1. Per residue of the chain, what 222 nm ellipticity follows from adding -39500 (n - 2.57) for every DSSP H run with n ≥ 4, rounded to the nearest 500?
2. Expressed as a rounded percentage, what relative contact order does the chain have, with Cα pairs under 8 Å and six or more residues apart?
3. Restricting to bridges with both residues inside the chain, how much of the DSSP beta-bridge set is antiparallel, in percent to the nearest 5?
4. Report the calculated FRET efficiency for N104 and K62 (r = Cβ-Cβ distance, R0 = 22 Å), to the nearest 0.05.
5. Based on DSSP loop calls and a cut-off of at most 12 other Cβ atoms within 10 Å, the longest stretch of the chain free of exposed GluC sites (Glu not before Pro) is what?
6. Greater than 25 Å separation of Cα atoms is the criterion. Which listed pairs, K220/K309; K255/K300; K309/K380; K316/K404, meet it?
7. Reachable aspartates and glutamates from K377, Cα under 19 Å, same-chain residues fewer than 8 places away excluded?
8. From the phi angles alone, apply the Karplus equation (6.51, -1.76, 1.60; θ = phi - 60°) to the stretch 442-459 and give each ³J(HN,Hα) in whole Hz, x where the residue is Gly or Pro.
Amino acid sequence: MKNKEIWFIVGSQHLYGDDVLKTVEKRAKEMASFINNKSMPCKFIFKGVVKTSDDATHLIKKANYQNACLGIVTWCHTFSPSKMWINGLKILQKPWCHLVTQYNREIPNLQINMDFMNLNQAAHGDREHGFIGARLRLPRKIIMGHWQDQTTLDDLANWMRVAYAYHVSQNLNVIRFGDNMRNVAVTEGDKVEAQIKFGWQVNTWAVGDLVKEIKKVTEKEINDLMKTYMSLYEFKTKKLDLVKYQAREEIAIKKMLDKYHAGAFTNTFEDLYGIWQLPGLATQHLMASGYGYGGEGDWKVSALTHIIKMMTKGMKGGTSFMEDYTYNLVEGKEFSLGAHMLEVCPSLASKKPRIETHHLGIGMNEKDPARLVFEGKPGKATVTSLVDMGGRFRMIVQDIEVVKSPYSMPHLPTARVLWRAMPNLRDGAKFWILAGGAHHTVLSMDATPEMLRDLAELFDIEFIHINKNTTYESLKAQLDARDRK
Ligand SMILES: [Mn+2]
């Protein structure tokens with residue numbers, strides 16, 4: 001992300017004379033360098049003052065074909081007649097952010113005169129620019145505020161992360177080891193449509209291909225990875241051969257992912273021929289390294305886990321594949337318990353995860369799979385689901401608050417996260433189910449609803465946000481409007 005570029009393009013015109021244009025350029029450079037020095041996720045680079053239709057088209061063409069460029073930020077220091085932007089914006093293939101700002105923060109009471117007004121007219125320049133974005137029906141992020149304000153900078157940083165996530169998505173390969181779990185509906189989907197909308201190449205590899213890789217892993221490779229496990233996790237098992245087998249699986253899966261430039265994978269307990277046990281610890285540690293995972297062949301949630309992990313890279317929270325498991329319906333203590341059979345990412349852990357080995361009845365596990373057991377750290381988070389509605393995709397995001405669990409659950413052999421759903425469990429679960437949200441989600445303590453909404457807009461898919469203000473009527477109206485399409 002650090003090496004990618006966001007291009008800052010400033011709008012003006014020739015009407016005001018060369019002196020004004022020189023000032024505009026000087027200020028734009030100063031603003032770009034100020035923003036770039038604020039440790040943004042990507043480089044922020046001034047690319048020019050656009051004065052004509054040819055200027056705009058030329059720069060946007062360049063932005064389209066330069067791999068390092070993730071997207072453009074535009075701002076109109078003066079009035080920049082928008083007909084000159086049409087041909088350029090029509091061919092724009094990358095994310096666009098319209099930064100609504102102005103150079104000065106305060107109206108200079110004693111100095112303000114007509115010269116000042118002619119130079120500093122972003123307030124109406126940006127409205128002209130905004131109209132053409134609306135008229136062209138282009139997805140665009142609008143950020144408003146003084147360019148030195150922390151809120152403006154934070155908004156810009158988050159949008160850069162979204163632009164990076166969009167780039168990651170367009171280049172993502174997903175490996176499916178085996179098919180989806182038999183008879184399950186929500187993990188299905190149109191893989192051709194997914195490639196058109198998201199860029200994902202979702203393809204199958206035989207479990208036998210993985211078995212071949214598993215056999216090739218050396219003792220030295222396993223011992224090296226065991227050292228890493230020892231440095232990160234507490235060993236609560238004496239069955240080291242079972243932990244070593246997970247290391248062997250992790251190394252083999254990683255080799256295949258890297259060989260095919262894949263960022264995400266799936267498997268299913270129904271198809272483990274030639275493998276001793278379902279990868280548990282292996283999958284958990286791969287997720288901690290940034291790979292996406294989806295259980296039971298769920299390639300949509302796997303791809304989304306990887307994309308959200310990349311979008312929030314370097315942030316402090318954590319992101320994981322998740323599943324709604326069980327409710328606590330005691331009045332005043334209404335919670336959802338999220339977990340999976342084995343595969344929850346340790347980036348969510350409240351303290352050092354423990355490696356444990358336990359019997360797993362589901363699937364073809366010859367021996368007890370090793371897995372990381374921990375409790376999730378408390379804090380605000382989102383759960384996100386992506387479903388295929390037939391001809392179109394829908395992203396459903398719910399605000400949640402992870403809580404410190406009042407239950408120690410000493411016999412639960414999996415990682416677990418307990419949360420409060422918004423607006424409350426009774427309505428939150430009802431709304432989620434009404435919208436068709438899956439039992440598999442991506443839980444993120446870093447991705448905000450706004451980032452996810454902006455990403456959905458870039459993908460050109462439906463977006464539903466369940467939050468503290470959601471009512472049955474508001475949600476039903478949104479869903480009905482979409483289902484009528
Ligand atoms: Mn599952």
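Quick note: the coordinates plus some simple rules give every number you see, no bench work behind them. Quantities reported herein were computed from a predicted structural model and do not represent experimental measurements. Don't worry about glycine lacking a Cβ; one is built from the backbone with ideal geometry, like all the others, and counts go over all protein chains shown.
1. Helices in the chain give a 222 nm mean residue ellipticity of -12000 deg cm²/dmol.
2. 12 percent
3. 45 percent
4. My answer for the efficiency is 0.10.
5. Counting at most 12 other Cβ atoms within 10 Å as exposed, the longest clean stretch of the chain is 107-330.
6. Result: K220/K309 exceed 25 Å.
7. E234, E323, D324, E334, E343, D399, E401, D446
8. Calculated HN-Hα couplings, in order: 9, 9, 10, 8, 10, 6, 8, x, 5, 4, 5, 5, 5, 5, 4, 5, 5, 6 Hz.
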